[in-house]
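Structure, as structure tokens:
The values are calculated or read from the model by the stated rules, or taken from the named source; none is laboratory data. Computed from a predicted structure; not experimentally measured. Note: ideal-geometry Cβ built from the backbone for every residue, glycine included; neighbour counts use all protein chains shown. For accessibility, only protein heavy atoms count, side chains too; no ligands or nucleic acids. Shrake-Rupley method; radii C 1.70, N 1.55, O 1.52, S 1.80 Å.
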Amino acid sequence: MQSMMIFTWIPPSWGSIDWRMPWLIFASFLAGALNAVAGGGSFLSFPAMLAIGLGPIQANATNTVAIWPGQLTSIAGYRNEVKKHSRLALKMALAGLVGGSVGAIILLNTPAKTFLDLVPWLLLFAALVFAMSDPVMKQIQRIKGSSPQTTDPEIQAERNYWPLVIATTVVCFYIGYFGAGAGFLIISLLSLFGFQDLNEMNAMKVVSTTMANGMACILFAFSGKVEWRYCLAAMVTCAIGGYLSARVSQRLNPRFLRGLVVCIGLGMAAYFFWRNHS
């Protein structure tokens, strides 16, 4: 447990030194590195925002805005897949807009104490989703590989228009409210609706999650809940951590990294359960 608590501990004040900014920069750098190689960086950056003294809703809003630019740039990497399924991409974007907006509005109207009580449950849910993602995706790939694709995935998605849009909107509501682990949920949905190509699934995921988080960012910014000096510092250091870690990610064991993310998430959930009841 001590190894988990280090991410939410602030060093004591020595003289007039303000440790909050250096501590946030360090945690955000690690979060960016983790996002680049395995995902789950919010397990570090969100508790770090709480640790420097931000309220729970302010910490969530600031963290969401800080990591959004990295999501936005991901769309460029999937532009060919987005063009291929442009009609579906528009629907996924619409689902993200509606779900993310509603989730963010409800978050902004949630009492801080209530949201703080929900934090350990949200972290636990996200950690369990992350833990399930690898075996579930392997099983999906095995099932897809054993049966040849006979229908274009976008045609299948069109046939199931309302179920897909409604399900994606629900996930995007969670993204606007908290969001950790939601990417896997959308990939699972797309797989159920006929997609087999992982790049295409990731493209549709990025469209919906970027729109959901984008709308949340706008609402958070206008609500005054974003602490901009911490947000900008985290934004820059997350990007640096992601860039540097991408260079060494191929040398690391993906299974170990995913296990590390799950352990961090469970550890953070356990810590907040303890803190809320101590």
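Residues checked against (1) touching a residue at least 24 places away in the same chain (Cβ under 8 Å); (2) among the hydrophobic types (A, V, I, L, M, F, W, C); (3) open to solvent by 20 Å² or more (accessible area, probe 1.4 Å):
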residue: P22; (1), (2), (3): no, no, yes
residue: I25; (1), (2), (3): yes, yes, yes
residue: G55; (1), (2), (3): yes, no, yes
residue: A61; (1), (2), (3): yes, yes, no
residue: G70; (1), (2), (3): yes, no, yes
residue: R79; (1), (2), (3): no, no, yes
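Give me the residue from segment 188-236 that is open to solvent by 20 Å² or more (accessible area, probe 1.4 Å) and β-branched (V, I, T) and, out of that set, farthest from G99 (Cα to Cα).
The qualifying residue farthest from G99 (Cα to Cα) is V236.
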